[in-house]
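Data first, discussion second: the structure below is written as structure tokens.
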Amino acid sequence: MRITIGRLLLWFLLTATWVTHIDAKTTAQSAIRKVAVDSIVLHAIGGPYCDRGKLSISAAYGDGASWIGFFSDHKVLGIHYVIDRSGIVFAGVAENRVANHTLGWNQTAIGIELINHGNGKETFPKAQIDALIALVKGVMIRHSGITKNRVVRHSDADQSTFECSGVMHKRKTDPGVQFDYIEFMQRI
Ligand SMILES: [Zn+2]
């Protein structure tokens, strides 16, 4: 079979992941890793919190550049990647550094944030999921210690709860019910 330049270019366009690199500030929270990466934690930006006694969801407006900037400037939180709704990947903390995104997992995990309101209603666009899958596959190639059962949702990794007007709620529900984890796992 003859492979034309055009076909090669098309293959490249369909499979390439564009990654925009932002030089995230390195702080005491983003030290060079001492242990090998063995896991990936998937997040959505939005999530539940207690607002003056009322259960609320923090929304996730804004684009990838503003969110990676938010994490870069944050004194405590950090993230390796943010993927916007159109499927553009923004790199923050380098993979060989710790980022503070998941309690108890940070020393060995890569954190990926999907821009999504995290309210269980907003769907994840196909372009965003396709970019996530390409990114995860790349991370798994770079870090051979990551097994599929260690590619988890934040809601799997953190079972903590918080109280709001006397009712207990799960603190971490992201990426949420709109994220098709079963299909995602089949595709990585
Ligand atoms: Zn999260």
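Odds and ends about this structure:
- Of all the residues in region 144-188, those that are on the phi > 0 side of the Ramachandran plot and out of contact with any Cys (no Cβ under 8 Å at 6 or more places or on another chain) number 2.
- So Ile83, is it surrounded by 17 or more Cβ atoms within 10 Å (Cβ to Cβ) and either of a type in the set (Asp, Glu) or within 23 Å of Lys170 (Cβ to Cβ) (or both): no
- Some residue of region 102-116 being within 16 Å of the ligand (Cβ to nearest atom), under 21 Å from Phe90 (Cα atoms), within 15 Å of the chain's Cα centre (by Cα) and among the hydroxyl-bearing types (Ser, Thr, Tyr): yes
- Test: residue in region 115-125 that is outside any loop (DSSP other than H, G, I, E, B), surrounded by 14 or more Cβ atoms within 10 Å (Cβ to Cβ), touching an Asp or Glu at 6+ places or on another chain (Cβ under 8 Å) and not charged (D, E, K, R): no
- Some residue of region 101-109 being under 26 Å from Gln159 (Cβ atoms), of a type in the set (A, V, I, L, M, F, W, C) and at pLDDT 95 or above: yes
- Scanning region 90-100 for residues that are part of a loop (DSSP other than H, G, I, E, B) and among the charged types (D, E, K, R) yields a single hit, Glu95.
- Filtered by the rule that a residue be surrounded by 15 or more Cβ atoms within 10 Å (Cβ to Cβ), of a type outside the set (Lys, Arg) and either part of a strand (DSSP E or B) or more than 16 Å from the ligand (Cβ to nearest atom) (or both), region 136-187 gives Val139, Met140, His143, Ile146, Val151, Val152, Cys164.
The values are calculated or read from the model by the stated rules, or taken from the named source; none is laboratory data. Just so you know, these numbers come straight off a predicted model, no measurement behind them. When we count neighbours, we look across all protein chains shown, and the Cβ atoms used for this are built from the backbone with ideal geometry, even at glycine.
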